[in-house]
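Notes follow the structure.
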Amino acid sequence: MTNTTSQDRQHGEEQTFEPSAEFAAQANATAALYDEAAADRLGFWAEQARELISWDTDFTDTLDWSDPPFARWFVGGKLNVAYNCVDRHVEAGHGDRVAIHFEGEPGDTRTITYADLQREVSRAANALAALGVVQGDRVAIYLPMIPEAVISMLACARLGAAHSVVFGGFSSDALRSRILDVQAKVVITADGGYRRGKPSALKPAVDEALAGGDTPVEKVLVVERTGEDVAFDAERDLHWAEALAAQPDTHEYESFDSENPLFVLYTSGTTGKPKGILHTSGGYITQNAFAMRTVFDIKPETDVFWCTADVGWVTGHSYVAYGPLAAGATQVMYEGTPDTPHRGRWWEIVAKHGVTILYAAPTAIRTAMKWGDEIPAEHDLSSLRLLGSVGEPINPEAWMWYRRVIGGDRCPIVDTWWQTETGAHMIAPLPGVIATKPGSSQRALPGISVAVVDDTGEPVERNVAGYLVITEPWPAMLRGIYGDPERFKDTYWSRFENMYFAGDGARYDDDGDIWFLGRVDDVMNVSGHRLSTAEIESALVSHEAVAEAAVVGAQDETSGQAVVAFVILRGGEEQTEGTVEELRAHVGREIGPIAKPKRVHIVEELPKTRSGKIMRRLLKDVADNRLVGDATTLADSSVMDVISASVAGEK
Ligand code: ATP
Ligand code: MG
C-alpha cells in the first residue's frame, strides 16, 4: 500500500485527553513498564508470569522460539488454569467475594461467589471426568450467556481438556463442522436461552448436528435454562443438574504443562472461512492477567467489571471467562440483547451493579448513539471510571459520544486492538499513563512489538498506509490453526519473513500513534489511489445525519474501483432528495474529492457477523451485482435480501 489521502484528514487527531490527576494517581500501570519491557522483553514477561500466576512447577525458560512460527512459552512450567481463576482466590480468603453477578434476559438473577464457583467447577469437572473426559480431549460448548458457560470452560481447563465454544446463535451446520474439526467427545448445551424476550432453542441444533451418529461425540450434557420441551436421547443425553448433583463439590486438580492446549476457537469469519485457532495455557493466562491489571486497571476489591461480549467470541474467552477471574475480580454477565425489554437495559444494569469498568464493541456504541442521548441519561452511570472498545476501529465520532454520554467526560477510553489469534490485548493506550486520542488504538502494550510496514516489510513513514505486523512472539499468541500447520504458516507467516501478518491496514500519525484503516482485503484502489474503508466510514459517521456506514470498492471500468457507501441514518433523520449528494460532498470536504463515494445507498441495516462486525465482502457482492457469498456467520441472514432488494429498487 502506498499513500492514502489520510494526511489531508485530521479528524479528531489534534485532540487528546490527558487522564485526570485522580485517575493517574491510582492507576496500576506506570510509564516505567514501557522502559522495563524494552530493556529486557523476555525478562519482563517472566516477571509478569511469576507475579500474576501461581505455578505448581516454575518454568526454566521463558521462550523457546527454536522452531518458528511454533512458540513455547514458560517452558517446563506447570500450572492449572482453573485453579488460577478460582481456588487460589478462595485460599486467599476471598471466597465470599462475588465472582459473577448474572442478569438473565427475562429478569432472573444469580449471585455467584468465588466459593460457589469453586464448588460448581469442581462438580462439573467431576461430572466430565465421569463421562471419560481426560487431559488432551476436546469438549464442545454450545450455550447461551449463562454462568454454566464459564463453569464448563473452567471445568475443562481443570481437567486439562480443551474446549471449543461455538456461539449459541450458530446453526447446526456450523456446530457440526466445528465438532468434526476438533473431534469433540462431549457436547455441553442447554435446552435454550432467552433472546429478544423469547426462549430460543439450542438443543434441537445439537440433535441435528449429531444426527447420523457419525461424529466422535459420546455424551451430551444439557443445562435446563428455559424449561421448554426438548427431545432427549436416553443413551446419549444427560441432565446437567442431575450429573452435577451426583458428584462431590471438591475436586483434586492436576497441574499441566504450560503448553497444554486450553481451547480451540474459530475466528469470526468476517473475511472468509473461520479458522480454528489453538491457544495453550501459561502464556495465554499470563498475558490476560497482565491486560486486566494494566489495560483495565483492575482493582479486584472494589471494581465491578463488565465485558458485554458473548463467550462465543475471543473477547468473551479472555475478558469474561479467564481474565477477570484470573484477576479475582467481580463481574457482570448478561444473557440478552441491549434492547430487551427496553433500550436502556445496559444502562440499567450498570446502575444496578455499580459497574466501574465497561468493555463493549463500536457497533453497540453506535447503536446506542443512534437511539439517542436521552436513554442513557435516564440512568445513573456515575459508578463508571474506565471504558473500553473492541472489535472494529471506533470512529472518532462514536468515541467522543462514548466518552461524553456514557463516561461523563471523566473516564479514560481504552481502544484495544487484538484478534482471536493474539489471544489478548496487543495495542491500546495504558490508562492513567497515555493521553487518549479519539479513534486511535495508539501504541503497542509493554512487552509487545509491532510495526506498520510496506510491501517489502520496511516500516512506513508517518501518515502512510501499510500493514500491521507483530515483530516478536508474544505469550498469548496462537500456537497454530487446529490440525493445519500449513495453513497456519501460509496465513500469518508467509507474507513477510519473521513477522506475523495480522491482515489489518494501519498507519502512524504525526505523534507515531497507530490508526487502523480496515482489513487489508478491503482496501480500495481508485484511479491508483489507495483508500481506506475505515477513514471514509468515519467521515460519513461524522455527518450529523449518519448513524452507521460501510464502504466497499466496486468494480469500475474507468477508475478500476469506485467507492460505494451503504449508510444508516440516525433516529429521526429522514432521507430527502439532497441527502445522498450532501453525504458525497461531506466526504469530499473531510478527506478529498478522490474519496467521494460514487454511489451512496441509504439502508435500514448493515450485514454484521454475530460478533457485530460489518461484513463488507457481502456488500461488495451487492455492489458488483454478484450472487451474495457465504453468509453463514451473519447475525441475520435476511438483512442481505433486504439490502439487495433496496439497491435493486434504486436502479
Ligand atoms: P476472520 O479472521 O475469520 O475474518 P475476524 O478477523 O473478524 O474474522 P476476530 O479475531 O474476532 O475475527 O477479529 C479480529 C479483527 O477485529 C482484527 O483483525 C481487526 O480487524 C478487528 N479489530 C479488533 N479490535 C479492533 C480495534 N480496537 N480497532 C480496529 N480493529 C479492531
Ligand atoms: Mg481475522
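Points worth noting:
- Size of the range 53-138 as Cα extents on the principal axes (Å, biggest first): 53, 32, 26
- Share of Cα-Cα pairs in the chain lying beyond 47 Å, as whole percent: 11
- Furthest towards positive pole of dipole, P429, G388, G408, structure part the range 325-465, Cβ charges: G408
- Using a cutoff of 8 angstrom between alpha carbon atoms and counting only pairs six or more residues apart, the relative contact order for the chain works out to 14 percent.
- Karplus-derived 3J(HN,Hα), 6.51/-1.76/1.60, for each residue of the range 400-417, Hz, glycine and proline x: 5, 5, 4, 5, 6, 7, 8, x, x, 6, 10, 8, x, 10, 9, 8, 9, 9
- The Kirkwood radius of the range 415-544, taken over pairs of alpha-carbon atoms, gives through the Stokes-Einstein law at 4 °C and 1.567 mPa s a diffusion coefficient of 83 µm² s⁻¹.
- With the simple model of a label 7 Å out from the Cα in the direction of the Cβ, E486 to R462 spans 4.6 nm.
- Amide H contacts of Q331: I100, H101, F305, each under 5 Å away and 5 or more positions distant or on a separate chain (H built 1.01 Å from N in the peptide plane; Pro and chain starts excluded).
- Per DSSP, loop trypsin sites (Lys or Arg not before Pro) in the range 155-218 with at most 11 further Cβ within 10 Å: R196
- Cα gyration tensor, the range 371-436 - rounded (a/c under 1.5), prolate or oblate: prolate
- Accessible area per residue for the chain, computed on protein heavy atoms with a 1.4 Å probe, is 36 Å².
- Over the range 178-278, relative contact order from alpha-carbon pairs under 8 Å, at least 6 apart, %: 23
- Shape of the range 511-552, Cα gyration tensor, a/c cut at 1.5: oblate
- Fraction of the pair-distance distribution of the range 220-272 above 19 Å, Cα-Cα pairs, percent: 61
- Each Lys and Arg adds +1 at its Cβ and each Asp and Glu adds -1 at its Cβ; summed about the Cα centre, the chain shows a dipole of about 360 debye.
- Ranked by the mean number of other Cβ atoms within 10 Å per residue, highest first, peptides 113-123, 567-577 order as 113-123, 567-577.
- Sparsely packed GluC sites (Glu not before Pro) within the range 444-523, loop by DSSP, other Cβ within 10 Å at most 16: E461, E497
- Signed unit charges on C-beta, dipole axis of the chain, positive-most listed residue A549, P597, V121: P597
- Two-decimal Rg to Rh for the range 572-633 - Kirkwood Rh, Cα set: 1.03
- Note on the range 530-612: Cα-Cα pairs beyond 15 Å make up 54% of the total pair count.
- Our compactness index for the range 229-384, the C-alpha radius of gyration over the empirical 2.2 N^0.38 Å, is 1.27.
- Alpha-carbon Debye profile of the range 472-616, log10 I(q)/I(0) at 0.08, 0.12, 0.19 Å⁻¹: -0.29, -0.62, -1.16
- Residue-averaged [θ]222 nm for the chain, counting only DSSP H segments that reach four residues, each worth -39500 (n - 2.57): -7500 deg cm²/dmol
- Quarter of the Cα convex hull surface for the range 119-261, i.e. its orientation-mean projected area (nm²): 8.3
- Spherically averaged projected area of the convex hull of Cα atoms, the range 300-440: 7.9 nm².
- Surface share of carbon and sulfur [accessible, 1.4 angstrom probe, percent] for the range 118-232: 43
The values are calculated or read from the model by the stated rules, or taken from the named source; none is laboratory data. Predicted, not measured: the structure shown is a model, and the values here were computed from it. Quick reminder, even Gly has a Cβ in these numbers, built from the backbone with ideal geometry, and neighbours come from all protein chains shown. These area figures cover heavy atoms from the full protein model, side chains too; ligands, DNA and RNA do not enter into them. Shrake-Rupley method; radii C 1.70, N 1.55, O 1.52, S 1.80 Å.
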